1. What are the residues in segment 178-196 that are in contact (Cβ under 8 Å) with a residue 40 or more places away in the chain and part of a loop (DSSP other than H, G, I, E, B), if any?
2. Return the residue satisfying two criteria in turn: it lies in segment 50-68 and is touching a residue at least 40 places away in the same chain (Cβ under 8 Å) and under 20 Å from residue 282 (Cα atoms), and of such residues it is nearest to the chain's Cα centre (by Cα).
3. Looking at residue 279, is it within 12 Å of the chain's Cα centre (by Cα) and either surrounded by fewer than 24 Cβ atoms within 10 Å (Cβ to Cβ) or within 26 Å of residue 327 (Cβ to Cβ) (or both)?
4. Among the candidates 352, 422, single out the residue that is crowded, with 24+ Cβ neighbours inside 10 Å and closer than 26 Å to residue 208 by Cβ.
5. Can you say whether residue 234 is modelled with pLDDT of 95 or more and either farther than 15 Å from residue 304 by Cβ or assigned by TED's automatic domain parsing to the domain that holds residue 409 (or both), as far as the supplied structure shows?
6. Restricting to segment 231-253, count the residues that are buried (at least 24 other Cβ atoms within 10 Å of the Cβ) and closer than 13 Å to residue 272 by Cβ.
7. For segment 42-135, which helices (runs of 4 or more DSSP H) that fit wholly inside it have 2 or more residues that are modelled with pLDDT of 90 or more?
8. Against the condition within 22 Å of residue 206 (Cα to Cα) and surrounded by fewer than 22 Cβ atoms within 10 Å (Cβ to Cβ), how does residue 324 come out, does it pass?
């Protein structure tokens, strides 16, 4: 989720002072203007009934037409005038919900381009490159698990990391060894052959930039963009958040000593984009994404679902339509992992959908800027805490979520917003948040 709070405050101040950031403000306002329906008093709502057909019928009775089916919760998305809204809310067998905003992090824009990153992404989508990556990855990983070779390569990798950490210099991702797999013991499991092979993780987020160095190969089984009512292929990640969390959970990139950078480096992936280039989404788009995931669960053998986003609770958890869709995913047999939120340290700050008792809600552990000294690791001050309003203890666990290095295109807006967190090679980005902690957990389960 967000970059550190101090950095965020500095950035927001800069946005207000500097004219070149005015487009960011306009992009951030675009969603709210659209949702409010300024032209004729119309706005988007979620209309729920006993069945999908019943919801459609009720909407048509008031002279409106469903824009989107949300079968997972027996509902439709529809534009309604105030008069139509009043009539529907007067019906005893219909429930009407506002189309609320959901965010991965702060108010940002998207859409810068960089030739190097475009070429990298194009190569990553090449079938030949994907096949080579899939075949080569297991061979390289044997280096980390060979005691003799590891003895030779580890000092070199360690020395290069020290240079990177102390001077802000960076080399290719194949040099940098991320610390979070070792923090949770995943590196030892990799050597025993437990790499996530055969398990599919679905990531519902801002998209995916297919970095060649992340060695996704043929592991991306499907990628669909459900924003703005569509079902197009995912063709990038202008914001960067989805790329970051996907890389943490399932990156196949490796250091020179063969150590994997991700938690489940051979897991399959399903990528669903439901958030725009500013990191903002709507209940309708997120529910549509969940609807698609559940419909395609069997086809892609989806076992784990990562939800690194949130919104403030405004009702009991069971009355929230987004939570209802999440519970439907859980009932279908998917293990759902959700971020707790970044609104801590105050109690009762766990976000939707992390307040659902059936999901694994994850808080963030910080390394206190000493990545290889675990003695001072502690709960991050930003990590949301429970209990929920219904009295459930949340989060269930904490995972590494402070100063996490993972893949991100330098053309993404997050990288543009915080260039000091971008590695010099334009391949890695450092972020903190319960989003990152949830991604670590999704790679584990």
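The values are calculated or read from the model by the stated rules, or taken from the named source; none is laboratory data. Since the model is a prediction, treat every value here as computed from it, not as a measurement. Cβ sites come from the backbone with ideal geometry, for glycine too, and all protein chains shown count toward neighbours.
1. Scanning segment 178-196 gives 178, 179, 184, 195, 196.
2. By that ranking, first place goes to 68.
3. Considered against the rule, which asks whether it is within 12 Å of the chain's Cα centre (by Cα) and either surrounded by fewer than 24 Cβ atoms within 10 Å (Cβ to Cβ) or within 26 Å of residue 327 (Cβ to Cβ) (or both), residue 279 comes out as yes.
4. So the residue among 352, 422 that is crowded, with 24+ Cβ neighbours inside 10 Å and closer than 26 Å to residue 208 by Cβ is 352.
5. no
6. Within segment 231-253, residues that are buried (at least 24 other Cβ atoms within 10 Å of the Cβ) and closer than 13 Å to residue 272 by Cβ number 4.
7. Where helices (runs of 4 or more DSSP H) fall fully within segment 42-135 and carry at least 2 residues being modelled with pLDDT of 90 or more, they are 52-61, 82-89.
8. No; evaluated as a whole, the condition is false for this residue.
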